[in-house]
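To keep things clear, I will list the structure first and then write my remarks on it.
The values are calculated or read from the model by the stated rules, or taken from the named source; none is laboratory data. Predicted model only: the values in this text are computed from it and were never measured. All Cβ positions, even for glycine, are placed from backbone atoms using ideal geometry, and neighbour counts span all protein chains on display.
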Amino acid sequence: MNSLKGKKALVTGGASGIGKAIVEELASLGSEVFIHYHTNRESAEQLAMDIAKKGGIAYTGGADLTSEREIKILVKKVSNSFGGLDVLVNNAGDLVGRKSLEEMTIEFYRKVSAINLDSMILVIKEALSLMKNRGGASIVNLSSEAGRRGWGERAGALAYSTTKGAILTLTRGLSTELAPYGIRVNAVAPGLILGSNLHSIHTAKETKKNAINNIPLKRAGTCEDTARAVAFLASEYNGFITGATLDINGGIYVA
């Protein structure tokens, strides 16, 4: 995918897990990458140094994406680094915790929504001016198999699934709204991805084992599986693809 050479890309939550794999994939294809982090400053800076050692260009910047003020500061840093933006990968998100509807408080729901959905909308809104005049740009949103199904591998993911499902609708809506600017908006919906922060923290070994047994390809996905899909959607080879969601789940039917 040589069309990514020299492209300017921002990856939110890019310091670890799937985000890190996406950063590495985009950088390997020639993109200049801005790595956003929330708390993993050392990991982000180490990743940037690793990219630089290989001849690439990478910048880092921290922000709490539930804060509109911090998002504005982050995007200003991106603007100062790049001048414009060709690729925006909205990867940051979190399950936060497992709660059933009866256990859920409105404060918990709002926190999950703020992390997964509100932050994405605010980042896109703030970064839009950097993408408008690029002669074509690409936004890739990270949803989830849970957003397709409406539930996760285990109970207690209602709030998370709801926000990830909303991302699919957001993607379709923005693909139409932003098309006049040549900005394509697509999503990926990963299933069980080993090495991702979500499944490392919130999914038990036995649950992972049972889930793999139900996957037609008989294996879990990797962060690199997701990163390659994101790189494809970010590239110019998909210049006529917008409003689509690419499922990365080993063959589980969820549509």
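Values computed for the structure shown
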read-out	value
Residue that is nearest to VAL188 (Cα to Cα) [pool: residues in region 126-172 that are of a type in the set (A, V, I, L, M, F, W, C), out of contact with any strand residue (DSSP E or B) (no Cβ under 7 Å at 6 or more places or on another chain) and not in a helix (DSSP H, G or I)]	ALA157
Residue satisfying all of: in region 173-208; assigned to a helix (DSSP H, G or I), more than 17 Å from the chain's Cα centre (by Cα) and modelled with pLDDT of 95 or more; farthest from GLY84 (Cα to Cα) among these	GLY173
Count of residues meeting criterion [free of Cβ contacts under 8 Å to residues at least 40 places away in the same chain and more than 14 Å from VAL23 (Cβ to Cβ)] in region 55-65	4
Tabulated pairs, region 31-54, first modelled with pLDDT of 95 or more, second surrounded by fewer than 13 Cβ atoms within 10 Å (Cβ to Cβ) and not in a strand (DSSP E or B), C-beta under 9 angstrom, 6+ apart or interchain	SER31/LYS5; SER31/GLY6; GLU32/GLY6
Residue pairs meeting the criteria (Cβ under 9 Å; at least 6 apart or on separate chains; first surrounded by 15 or more Cβ atoms within 10 Å (Cβ to Cβ), in region 66-89; second part of a helix (DSSP H, G or I) and of a type in the set (Lys, Arg))	THR66/LYS111; ILE71/LYS125; GLY84/LYS132
Matching entry among LYS132, LYS218, LYS164 (being at pLDDT 90 or above, closer than 22 Å to ALA114 by Cβ and among the basic types (Lys, Arg))	LYS164
VAL23 being among the β-branched types (Val, Ile, Thr), closer than 24 Å to THR242 by Cβ, surrounded by 18 or more Cβ atoms within 10 Å (Cβ to Cβ) and without any contact (Cβ under 8 Å) to a residue 40 or more places away in the chain	yes
Residue check for GLY165: closer than 30 Å to THR207 by Cα, without any contact (Cβ under 8 Å) to a residue 40 or more places away in the chain and touching a helix residue (DSSP H, G or I) at 6+ places or on another chain (Cβ under 7 Å)	yes
